[in-house]
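Okay, structure first, notes after.
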Amino acid sequence: MTGPAPLTERITVRVTPLTAYTAVSDVSRMGRWSPESRGAWVPGGRGPARVGTRFVGINRAAWLPWATLCTVVCAEPGVRFSFEAGFLGVALSRWTYRFTEVPGGCEVTEEWLDLRSGVAGRLLTAVAPVVTGVVRRRERNRATMRTTLAALRAALESGV
């Protein structure tokens, strides 16, 4: 049995794929664009993350912030960047960003895959609305992904 399909959003940005990749793979900057992420703490500092890099993602949707432990699982400069997020040892999600050259810039694709499964995954799914204030995670993520990509485009195209 397979789970739900990944949720995907895309946007065209007037920068090179490598420029977009470099911004996204510096996970400490994600809080600048995302309405839910408040950024990340990366042991050892800033800069593009590599496969195996672990970081703590700081998030907030309603009244209570929460942290996820994340691990970079793919880092292909200018092509693809992906990390998996977990909470208390339970896999939550995989976030993937793809960068495709198009005339005048690149297309940035953001993908979210829900990895919650088993008893622990169902328990976290049941408790999450109380902690995060998010009742419909899939719909919320679609909206925040659109906002994130628009803010990323604005920042990259203005040179911020």
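Mind giving me the FRET efficiency for residue 150 and residue 16? R0 is 22 Å, r the Cβ-Cβ distance, nearest 0.05 is fine. Each step should come with its number before you reach the end.
Numbers: r = 19 Å, r/R0 = 0.87.
Using R0 = 22 Å, I get an efficiency of 0.70.
Rg and Dmax over the alpha-carbon atoms of the range 45-112 stand at 13.8, 43 Å.
By average Cβ neighbour count within 10 Å, what is the ranking of 108-116, 42-50 from highest down?
Working: 108-116: 19.1, 42-50: 12.8.
For the peptides 108-116, 42-50, the packing ranking is 108-116, 42-50.
Values quoted throughout were computed directly from the atomic coordinates according to the rules given, and no laboratory measurement underlies them. Keep in mind the model is a prediction, meaning the values are calculated, not measured. As a convention, Cβ positions derive from the backbone with ideal geometry for all residues, glycine included, and neighbour counts pool all protein chains shown.
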